[in-house]
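See structure below.
Bear in mind these aren't lab numbers, they're just calculated from the coordinates by the rules spelled out. Everything numeric in this text was worked out from a predicted model, so none of it was measured. Cβ placement follows ideal geometry from the backbone for every residue including glycine, while neighbour counts extend to all protein chains displayed.
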Amino acid sequence: MRAVVQRVSKGAVLVDNQTVGKIDKGIVILLGVGNGDDLEDAKYLAEKIVNLRIFDDDKGKMNLSLLDVNGEALVISQFTLYGDCRRGRRPSYSDSALPDVAKELYERFVELVKGYGIHVETGIFAAHMLVEIHNDGPVTLLVDSKKLF
């Protein structure tokens, strides 16, 4: 699984001009599920992301986690994170998990993050979404469950 994690002052996601998810201070997680990903990948990413020390302490140093600041999470499914652009001009998405597998792992990831006591909002899986991200910093990180070393 792959995630783009952005520290935000606020974020929202709209489907058909209707807000379906909205957060204040916290993180927006763009989540991609790849072929071969399983529950262990979701567990790894959830634990890693909620504990990332990317929020400023009282001295302005990034030393606090989402848990420490009681932040919120907006989780958006994004299969394009597995787009392979090495050949030609049109990305290949053959490394993305099939939609039924991806949806199940996306939903499990959301539940795992909620299990840490984080308030989580989401988009709608496979919908065309407009995502509003107020990136604070900017702070943007890439986290991949398969690139552990």
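How much of the DSSP beta bridge set in the stretch 2-144 is antiparallel, as a percent to the nearest 5?
75
Computed FRET efficiency, Cβ-Cβ of Val131 and Asp24, R0 22 Å: what is it to the nearest 0.05?
Working from the Cβ atoms, E equals 0.90.
Enumerate the amide H contacts of Val20 below 5 Å, restricted to partners 5 or more residues apart or on another chain; note that Pro and chain-start residues carry no placed amide H.
Those qualifying (amide H under 5 Å, at least 5 residues apart or on another chain) are Val13, Leu14, Val15.
About its Cα centre, how strong a charge dipole does the chain have in debye, to the nearest 20, once Lys and Arg get +1 and Asp and Glu get -1 at the Cβ?
Working: 19 positive and 22 negative charges, 113 e Å.
Taking the Cα centre of the chain as origin, the dipole is about 540 debye.
If each residue of separation counts as 0.36 nm, what is the full-extension length gain between Glu111 and Val139 once their alpha-carbon separation is subtracted?
Working: separation 28, 0.36 × 28 = 10.08 nm, distance 2.44 nm.
Separation in residues times 0.36 nm, less the Cα-Cα distance, equals 7.6 nm.
Anyone know which of Phe79, Phe109, Phe125 comes out most mobile in the 10 Å Cα GNM of the chain?
Of Phe79, Phe109, Phe125, the most mobile in the Gaussian network model is Phe125.
Tell me the label-point distance for the pair Asp16, Arg86, using the 7 Å Cα-to-Cβ offset, in nm and rounded to one decimal.
4.0
In deg cm²/dmol, rounded to 500, what helix-only [θ] at 222 nm does the chain give when every DSSP H run of at least 4 residues adds -39500 (n - 2.57) and the total is split over its residues?
-6500 deg cm²/dmol
Quote the convex hull volume per residue of the stretch 2-144, based on C-alpha atoms, as a whole number of Å³. Before the final figure, lay out each step's value.
Numbers: hull volume 15.8 nm³, N = 143.
Per-residue hull volume (Cα only) is 111 Å³.
For the stretch 105-149, what's the radius of gyration and Dmax over Cα atoms, in angstrom?
13.3, 34
Fewest first, what order do Leu142, Leu14 take by the number of other Cβ atoms within 10 Å?
Listing Leu142, Leu14 from fewest to most nearby Cβ atoms yields Leu142, Leu14.
Where Rh is the Kirkwood radius over the Cα pairs of the stretch 7-62, the temperature 37 °C and the viscosity 0.692 mPa s, what D in µm²/s does Stokes-Einstein return?
Rounded, D is 239 µm²/s.
What do you get for the angle between helix 99-114 and the principal long axis of the chain? Use alpha-carbon atoms, 0 to 90 degrees, nearest ten.
10
Report, in degrees rounded to the nearest 10, the 0 to 90 angle that the Cα long axis of helix 39-51 makes with the longest principal axis of the chain.
Here the helix axis deviates by roughly 30 degrees.
Treat the count of other C-beta atoms within 10 Å as a stand-in for reagent exposure and order Asp37, Asp58 from fewest to most.
With the fewest neighbours first, Asp37, Asp58 line up as Asp58, Asp37.
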